[in-house]
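Encoded as structure tokens, the structure appears first; notes follow it.
Every number here is computed from the coordinates shown, using simple stated rules; none is lab data. The shown structure was predicted, so the numbers you read here are calculated from the model rather than taken from an experiment. So basically every Cβ, Gly included, is an ideal-geometry build from the backbone, and we count neighbours across all protein chains shown.
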Amino acid sequence: MHYLVSVIDEKTGSATSAEMAAIDTYNDGLKAEGYWVFAGGLAAPSAATVVDGRPDEPLFTDGPFIESKEYLAGFWVMEAPDLDVALKLAADGSKACNRRVEVRPFLGVAP
Amino acid sequence: MIDAREAITRIHREEWGRVVASLTRRFGDLDIAEEGAAEAFAIAVERWPADGVPPNPGAWLTTTANRKAIDRIRREAKRHEKHEEARMLYHEESPEPLGAIDDDRLRLIFACCHPALGQEARVALTLRMVGGLTVPEIARAFLVQESTMGQRITRAKAKVKAARIPFRMPSAEDLPVRVSGVLAVLFLVFNEGYLATGRDTDPVRHELTAEAIRLTRLIRALIPDDGEVDGLLALMLLTEARRTARVSASGELVTLDEQDRGAWDRALIAEGHQLVRERLAAGVAPGRYQILAAINAVHTSARNVRDTDWSQIVALYDQLIRLDPSPIVALNRAIAVGEIDGPEVALATIDGLGDRLAGYHAYHAARADLLRRLGRGEEARRAYDEAIALAGNTGEIAYLTRRRGQLQ
């Protein structure tokens, strides 16, 4: 079972060096325990482009598809047997990056 | 015929949670478990009056529900061409280990009261899956439209499935927090029964208090060594014991000092006192529910309000405030202090809570009562006005309105 653990923030690239170190340690733990799938930090929403490829000519719009004070600043994709495990991992991740996180299950992942 | 109907009602109460739990373990899906159980009971209602109640109705229901669930999975597998998934679910079952059924009910309760679900969803899901109340019954209990309650339960079940809320015992480390989450759900159900909200609702909803007590007894049978489980059960019993004395013939709430103590249920009081004594003898620092139960034990030991050991009650509130420093506990402590030191002292303390409790009807009701006793009629009237505007319980509104009318 895959879970998306999103980091909620109001700023981008705002992690202190202590937070970065804690995140590294946390990531090492995820890998060692076999929960790790993928993780990354994201550039600011202002760097986003919304693309609609359905018309003949693709349409590009500057900015994120939704404007909000808080946004997705980074994420983990984890593999965990159930929500109890995922919530525990997410709580540790939240502590490591010193931000709130959101846990959302995947409906499925492409093979 | 009538006997069979009565038997079905009783068996439904006793067996519903067991059947749903057993199917949830086997099929890993609340929806399938609920529907299978509902179909099995529907068949029982149809057949038992004519055929008679089977010798082991619980086993009959579980077998029938299982068969119905498998039928549904096969049907859906055909429809959605998900043969593989369905077969996997179906063949995964292993023979039932001894005593596993009760564990299944506990697993079901923990799943329904999972912290990832909202409080309202936990209450609704627990009453439906464990308690076996129907969606219309739960909707009526919480004064929402049936469709709203139906959606709430459907959404909760969908989250359990999509997020994979596990059907297993919490880890030993999580257990205390998870048990206290379950108790919070049961206490909420009880309180909604005991001080029902809604302008068109009976002041006391016995079906909810009874259901909360029944489920708490079940939890106690499944988790026998938890002091707070005992405490909550004792608290409910000692509160429920006063239920009939608590509402007058005209539907008005009767305060503790005016209740006919002869109408209290002695058997419930004896059971509640016994539980409180056992907890005291255990010598373990009591939690919130045990302290609240002890406070109620003091009240129910007194022949009348003057005979009440108020200093003991204040001491218990002191203990409670250390665990739960909320303004509501401070309010109740101040009321008890008022019984010893007089209304003026109590009022001074309560007035200090005003900024935090201005939206709480009991704060205004307590002030109104103290002001009345101090002969400050105009202020009392304003406090009664506020309390009546905020109160949600019909019996309490009737009581407060009469009191206001009696002011000079």
Exercise. Volume per residue, Å³, of the convex hull around the alpha-carbon atoms of region B:193-308?
Worked result: 106 Å³
For this session: Give me the distance between the Cα centres of region B:163-221 and region A:44-111, rounded to whole Å.
Result: 35 Å
Exercise. Could you give the longest part of chain A that holds none of the trypsin sites (Lys or Arg not before Pro) found in DSSP loops with at most 16 neighbouring Cβ atoms within 10 Å?
Worked result: A:12-68
Problem set entry | P(r) tail fraction, chain A - alpha-carbon pairs more than 25 Å apart, % | 31 percent
For this session: Give the relative contact order (percent, whole number) for chain B; include only Cα pairs under 8 Å separated by 6+ residues.
Result: 11 percent
Exercise. Taking the Cα atoms only, what angle lies between the long axis of helix A:17-33 and the longest principal axis of chain A, rounded to 10 degrees?
Worked result: 70 degrees
Seminar exercise, completed: Expressed as a whole-number percentage, the relative contact order of region B:254-359 with C-alpha contacts under 8 angstrom and at least six residues apart is 19 percent
Exercise. So if R0 is 60 Å, what FRET efficiency would B:E344 and B:Q151 give, r being the distance between their Cβ atoms, rounded to the nearest 0.05?
Worked result: 0.70
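Can you list, largest first and rounded to whole Å, the semi-axes you get for region B:137-201 by taking the square root of 5 times each eigenvalue of its Cα gyration tensor? Working shown, then result.
Working: eigenvalues 148, 73, 7 Å².
Ellipsoid semi-axes (Å, largest first): 27, 19, 6.
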Exercise. If chain B were replaced by its equivalent ellipsoid, with semi-axes equal to the square roots of 5 times the Cα gyration tensor eigenvalues, what would those be, largest first, whole Å?
Worked result: 45, 22, 21
Problem set entry | MRE, 222 nm, helices only [DSSP H, n ≥ 4, -39500 (n - 2.57), over chain A, to nearest 500] | -9500 deg cm²/dmol
Exercise. Could you state the principal axis extents of the C-alpha atoms in the protein assembly as shown, from the largest down, to the nearest angstrom?
Worked result: 82, 70, 51
Seminar exercise, completed: Asserting the computed 222 nm helical MRE of chain B (DSSP H runs at least 4 long, -39500 (n - 2.57) per run, divided by residue count, to nearest 500) equals -23000 deg cm²/dmol
Exercise. Could you give the angle, 0 to 90 degrees to the nearest 10, between helix B:377-390's Cα long axis and the longest principal axis of the Cα atoms of chain B?
Worked result: 10 degrees
Exercise. Dividing the convex hull volume of the Cα atoms of region B:313-408 by its residue count, what figure in Å³ per residue is obtained?
Worked result: 95 Å³
Exercise. Which of the trypsin sites (Lys or Arg not before Pro) found in region B:260-357 are loop residues per DSSP with 11 or fewer other Cβ atoms within 10 Å of their Cβ?
Worked result: B:R303, B:R306
For this session: Tell me the label-point distance for the pair A:E10, B:R402, using the 7 Å Cα-to-Cβ offset, in nm and rounded to one decimal.
Result: 5.4 nm
For this session: Can you give me the three principal axis dimensions of region B:277-354 from its C-alpha atoms, in Å, biggest first?
Result: 38, 30, 13
